[in-house]
Amino acid sequence: MKRNLYTVLGLALAFSAGVGMSSCGGSKEEKAAPAAKVAASDSLTLPNYRYVDMDTLLTRYILAKDYNEEMIRMQNNLESETKKHQTSLQSLASQIQNKVQNNSYLSQESFDTDQQKLASMQSNAERSVGMMQQKYAEAAAKAQQAVADSVTAFIEMYNKKHGYDAIFNKAAALHFNPALDITDEIVEGLNARYNKIKK
């Protein structure tokens, strides 16, 4: 149940083919522009693609962190509601069992009434928890889509300036030259844009 939203989002953003940008134009100077961490003298020797570490991005992108906190709150509420129903059901079931053992029921009718009450409580509990689970699933899907759309849109905008042939997810390959890592730039840009929107 305690599944971190970062894991869910990471799966959604694992675009194994990368974000291909070869159609995005730009001058030769723009296409040759290196990542901030790459020295100018090395830029011409690097291939015209870069990569992003999505696991790192998701733990540092404020939007993803905000959604993750929201999902944790919803999850805690769901667990609390489930425990509350379980406690009430167990309490009534114990009362019924004790009455049966002590021959406290004066009639079959009173026993049936308690049994119906227990069944009704169980049905209401299942309905309530089911609705909360559905809301949680819908909120998780919405969060996943919002973060995926935000990251993809930003990377497309980012690449209009840099003109890389492709920007890959680090998880799509067994090895990348660390000099090709643009994760810091992407996270910084995403957070700067998100902070402007929040203001």
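The values are calculated or read from the model by the stated rules, or taken from the named source; none is laboratory data. Small disclaimer: the values here were computed from a predicted structure and weren't measured. We place every Cβ from the backbone using ideal geometry, glycine too, and count neighbours over all the protein chains shown. Areas reflect the complete protein model, heavy atoms only, side chains present, ligands, DNA and RNA absent. Shrake-Rupley method; radii C 1.70, N 1.55, O 1.52, S 1.80 Å.
Annotation note: of Y105, Y164, Y136, the sole residue that is touching a strand residue (DSSP E or B) at 6+ places or on another chain (Cβ under 8 Å) and hydroxyl-bearing (S, T, Y) is Y164. Please tell me if E126 is among the acidic types (D, E) and touching a helix residue (DSSP H, G or I) at 6+ places or on another chain (Cβ under 8 Å). Spelling it out, it is not the case that E126 is among the acidic types (D, E) and touching a helix residue (DSSP H, G or I) at 6+ places or on another chain (Cβ under 8 Å).
From the list L174, L180, the one residue that fits, being within 30 Å of Y49 (Cα to Cα), modelled with pLDDT of 95 or more and not small (G, A, S), is L180. Of all the residues that make up the stretch 87-114, how many are open to solvent by less than 90 Å² (accessible area, probe 1.4 Å) and either closer than 30 Å to A146 by Cβ or not β-branched (V, I, T) (or both)? Going through the stretch 87-114 one residue at a time, the tally reaches 15. I need the full set of residues from the stretch 56-80 which are under 13 Å from A125 (Cα atoms) and in contact with a helix residue (DSSP H, G or I) (Cβ under 6 Å, 6 or more places away or on another chain), in order please. Correct list: L78 only.
With the structure loaded, tell me whether T152 is under 30 Å from L57 (Cβ atoms) and of a type in the set (S, T, N, Q) or whether it fails that test. Considered against the rule, which asks whether it is under 30 Å from L57 (Cβ atoms) and of a type in the set (S, T, N, Q), T152 comes out as yes.
Open to solvent by 70 Å² or more (accessible area, probe 1.4 Å) and under 22 Å from M71 (Cα atoms) - does that describe any residue in the stretch 145-153? For the stretch 145-153, residues open to solvent by 70 Å² or more (accessible area, probe 1.4 Å) and under 22 Å from M71 (Cα atoms): present. Checked against the criterion of being in a helix (DSSP H, G or I), touching a residue at least 40 places away in the same chain (Cβ under 8 Å) and under 40 Å from the mean Cα position of the chain (by Cα), the candidates A119, A93, A125, A137 yield just one match: A125.
Considering the stretch 183-195, the residues that are out of contact with any Ser or Thr (no Cβ under 9 Å at 6 or more places or on another chain), in contact (Cβ under 8 Å) with a residue 40 or more places away in the chain and surrounded by fewer than 17 Cβ atoms within 10 Å (Cβ to Cβ) include one that is farthest from N48 (Cα to Cα), namely N195. Residue check: S22 meets all listed conditions (1) among the hydroxyl-bearing types (S, T, Y); (2) modelled with pLDDT of 95 or more; (3) not in a helix (DSSP H, G or I) but one, namely (2).
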